[in-house]
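K.L.:
Questions regarding the structure given below will be posed in turn.
The values are calculated or read from the model by the stated rules, or taken from the named source; none is laboratory data. Everything quoted here is computed from the prediction, not taken from an experiment. Cβ placement follows ideal geometry from the backbone for every residue including glycine, while neighbour counts extend to all protein chains displayed.
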Amino acid sequence: MTKMIHSYWAYITLIVLIAAVVNAIIGVTSKKEFTAKDLRISLFALIASHIQLLIGFVAYYFSSFYTAMKDVGMGEVMKNSALRKPLVEHPLMIIIAIALITIGFSKHKKKENSISKFKTIAIFYTIALILILAVIPWNLWF
C-alpha cells in the first residue's frame, strides 16, 4: 500500500517540480518580476518533495528490500546491484535532491531582486530534478 502511494505521489511531485523549474527558467530568461504565484509554485514543489520523502521512508521500512537487507546484511547489499540501488543509491540521492530543493528555497528568500530569486530556484531545483530522474527505479515504477 505505501509503495503504491509512494509511486502515485511521485507523479505529483515530478509534475510540480518540473513546473517550478520551468517557471524559474522562464522567469530568468524573460526577466519578469518574482510574484506570489512564483513563490507558491516553488513552495508547492518543496512541500510535495518533502511529503514524498516521508512516504518514501515509510515505504522503505515496509519493503521486501529492507527485509532482505536485514537478512543478508549491508555487506552483501553493497555487492548486489539489484539490492544496492533501492536500498542505498535511491534513498541517498533522493535525500540529497530534497536537501538541494530546501537549500534553494531558503536561499532564494534572501535574494534582493527577481532575477536572483529565479536563478537560485532554477539552479537548485534543476540539479535536484536531474538527481531524482537519475535514481527513479523505472523498471519498478511502471
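K.L.:
What is the number of the single condition among (1) surrounded by 15 or more Cβ atoms within 10 Å (Cβ to Cβ); (2) more than 22 Å from residue 28 (Cβ to Cβ); (3) not hydrophobic (A, V, I, L, M, F, W, C) that residue 81 does not meet?
P.N.:
Against the list (1) surrounded by 15 or more Cβ atoms within 10 Å (Cβ to Cβ); (2) more than 22 Å from residue 28 (Cβ to Cβ); (3) not hydrophobic (A, V, I, L, M, F, W, C), residue 81 comes up short only on (1).
K.L.:
Sticking with this one: Only residues in the stretch 1-26 that are farther than 16 Å from residue 50 by Cβ count as the first member; pair them with residues that are outside any helix (DSSP H, G or I) and among the charged types (D, E, K, R), Cβ under 9 angstrom, at least 6 apart or cross-chain, and list the lot.
P.N.:
Here the result reads 26/32, each pair linking the stretch 1-26 to a residue that is outside any helix (DSSP H, G or I) and among the charged types (D, E, K, R).
K.L.:
Then there's this: Scan the stretch 116-138 and report the pairs whose first residue is among the small types (Gly, Ala, Ser) and whose second residue is assigned to a helix (DSSP H, G or I) and at pLDDT 95 or above, with Cβ atoms within less than 6 Å and a gap of 6+ or a chain change.
P.N.:
Between residues of the stretch 116-138 that are among the small types (Gly, Ala, Ser) and residues that are assigned to a helix (DSSP H, G or I) and at pLDDT 95 or above, the close pairs are 122/24; 122/25; 122/28; 128/97; 128/100; 128/101.
Yes/no per residue for (1) over 12 Å from the mean Cα position of the chain (by Cα); (2) among the polar types (S, T, N, Q); (3) within 21 Å of residue 4 (Cβ to Cβ):
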| position | (1), (2), (3) |
| --- | --- |
| 48 | no, no, yes |
| 59 | yes, no, yes |
| 68 | yes, no, yes |
| 72 | yes, no, no |
| 80 | yes, yes, no |
| 85 | yes, no, yes |
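K.L.:
Another one. Between a residue in the stretch 52-68 that is in contact (Cβ under 8 Å) with a residue 60 or more places away in the chain and any residue that is of a type in the set (S, T, N, Q) and in a helix (DSSP H, G or I), which pairs come within a Cβ distance under 9 Å, given they are 6 or more apart or on different chains?
P.N.:
Once the first residue is in contact (Cβ under 8 Å) with a residue 60 or more places away in the chain and sits in the stretch 52-68, its partners that are of a type in the set (S, T, N, Q) and in a helix (DSSP H, G or I) give 62/2; 63/2.
K.L.:
If we scan the stretch 85-99, do we find a residue that is under 30 Å from residue 66 (Cβ atoms), at pLDDT below 95 and among the β-branched types (Val, Ile, Thr)?
P.N.:
Yes, the stretch 85-99 has at least one match.
K.L.:
Do the conditions hold for residue 106, that is, is it more than 18 Å from residue 46 (Cα to Cα) and of a type in the set (Gly, Ala, Ser)?
P.N.:
Numbers: more than 18 Å from residue 46 (Cα to Cα): no; of a type in the set (Gly, Ala, Ser): yes.
In short, no.
K.L.:
Just for the stretch 18-46: of the residues that are within 21 Å of residue 133 (Cβ to Cβ) and of a type in the set (S, T, N, Q), which one is nearest to the chain's Cα centre (by Cα)?
P.N.:
Of everything passing the filter in the stretch 18-46, 42 is nearest to the chain's Cα centre (by Cα).
K.L.:
Would you please name the residue that is modelled with the highest pLDDT, looking only at residues in the stretch 1-27 that are surrounded by fewer than 18 Cβ atoms within 10 Å (Cβ to Cβ) and in contact with a Phe, Trp or Tyr (Cβ under 7 Å, 6 or more places away or on another chain)?
P.N.:
The selected residue is 7.
K.L.:
Then there's this: Would you check if residue 53 is closer than 15 Å to residue 132 by Cβ and either modelled with pLDDT of 95 or more or over 20 Å from the mean Cα position of the chain (by Cα) (or both)? Can you show your working first?
P.N.:
Working: closer than 15 Å to residue 132 by Cβ: yes; either modelled with pLDDT of 95 or more or over 20 Å from the mean Cα position of the chain (by Cα) (or both): yes.
Criteria met by residue 53.
K.L.:
For residue 36, work out the one condition from (1) surrounded by 14 or more Cβ atoms within 10 Å (Cβ to Cβ); (2) free of Cβ contacts under 8 Å to residues at least 60 places away in the same chain it doesn't fulfil.
P.N.:
(1)
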